[in-house]
C-alpha cells in the first residue's frame, strides 16, 4: 500500500550558517558600530532557540530582518520561527527568543488527519509522534492529498518524505 510521511523539519546546519552570516554582517555594518547586537543559538533539550540581542527595539527589528534574509537565502522557511516576547536584558539592552519549530504539533496533526478524512479522498492519515503518515490505495490519491496540504496548511512549512509505492 503506497504511503508517505508529512513532516515539518528544519535543516540545523543551514540555520547555524545563517546565524554566523547574520552575526558577521551585523558586526561589519556601520549602523551597528559600538552596539552589542548579535544572535546566539541555544540548545534546550530537543528545542533549538535563536536568541536575538540588541540595544533597543529598533535595532532588534533590524537584526531580525538580517537574520530572516540570511535564513531565506539558505532555503530555511521563516514560518518555522516561533517568536517569543521582547524582554529586557542586562542594562538597557533587549532580547527576544525565536524558537525553531521542529515536528508537527499535536493540534495541527489532528487538523491534518481531519482534513484528509473530510476531503473524501481514498486515503487515511495516522499520527505517529511528530509526523503524520498518509496511506492510500493508489499513488494518485496520495498526490491529491499532497496538493490539498500545500493549499490548506499555511501556518507551518510542511515536507513530504518517505514516499513508498
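Can you give me the number of residues within the range 25-81 that are part of a helix (DSSP H, G or I) and farther than 20 Å from residue 156 by Cβ?
19
Count, please, the residues in the range 7-18 that happen to be touching a helix residue (DSSP H, G or I) at 6+ places or on another chain (Cβ under 7 Å) and free of Cβ contacts under 8 Å to residues at least 60 places away in the same chain.
1
With respect to residue 91, is the statement that it is surrounded by fewer than 18 Cβ atoms within 10 Å (Cβ to Cβ), outside any helix (DSSP H, G or I) and in contact (Cβ under 8 Å) with a residue 12 or more places away in the chain true? Please lay out each step first, then the result.
Values: surrounded by fewer than 18 Cβ atoms within 10 Å (Cβ to Cβ): yes; outside any helix (DSSP H, G or I): yes; in contact (Cβ under 8 Å) with a residue 12 or more places away in the chain: no.
The answer is no for residue 91.
Taken together, the values in this text are just the output of simple stated rules run on the coordinates, not laboratory data. Computed from a predicted model, the values in this text were never measured in an experiment. Neighbour counts run over all protein chains shown; Cβ positions are idealised from the backbone, glycine included.
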